[in-house]
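Accompanying notes for the structure given below.
The values are calculated or read from the model by the stated rules, or taken from the named source; none is laboratory data. Computed from a predicted structure; not experimentally measured. All Cβ positions, glycine included, derive from the backbone under ideal geometry; neighbour counts span all protein chains shown. The accessibility values were calculated without ligands, DNA or RNA, using every heavy atom of the protein model including side chains. Shrake-Rupley method; radii C 1.70, N 1.55, O 1.52, S 1.80 Å.
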Amino acid sequence: MDQVKIDRINELARKAKTEQGLTLAEQAERQQLRQEYLEAWRLGVTQTLDNTYIVDDKGNERKLKRKSEYKD
């Protein structure tokens, strides 16, 4: 997500706290921008965790598993 969109999210957040509040169009825009931000954040976290390894006491590396890969 680019800085322009993040700045717009912050601008809308500040405006929402004023007496004027947000219009319905601004509320919809804020929701859409928040969704984009969360998707980008989740993608970044997922990519980081996909490249994370656990090192045991013996120095062996093993890839971090996704929760869905564990067997109950």
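Computed values, structure above
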quantity	calculated
Packing-based ranking, highest mean first, of 54-60, 6-12 given that Cβ atoms within 10 Å are counted	6-12, 54-60
Accessible surface ranking that places the most exposed of THR52, THR18 first, with a 1.4 angstrom probe	THR18, THR52
Per residue, in Å², the accessible surface of the chain once ligands and nucleic acids are set aside, probe 1.4 Å	89 Å²
Accessible carbon and sulfur surface of the chain relative to its total accessible area, %, 1.4 Å	50 percent
Convex hull projection area averaged over all views, the chain, Cα basis, nm²	8.2 nm²
Residue with peak Gaussian network fluctuation, the chain [Cα springs, cutoff 10 Å], from ARG42, ARG34, ARG62	ARG62
Aspartates and glutamates whose Cα lies under 12 Å from that of LYS15, excluding same-chain neighbours fewer than 8 positions away	GLU26
Test item: Cα-centred dipole of the chain, Lys/Arg +1 and Asp/Glu -1 on Cβ, debye	180 debye
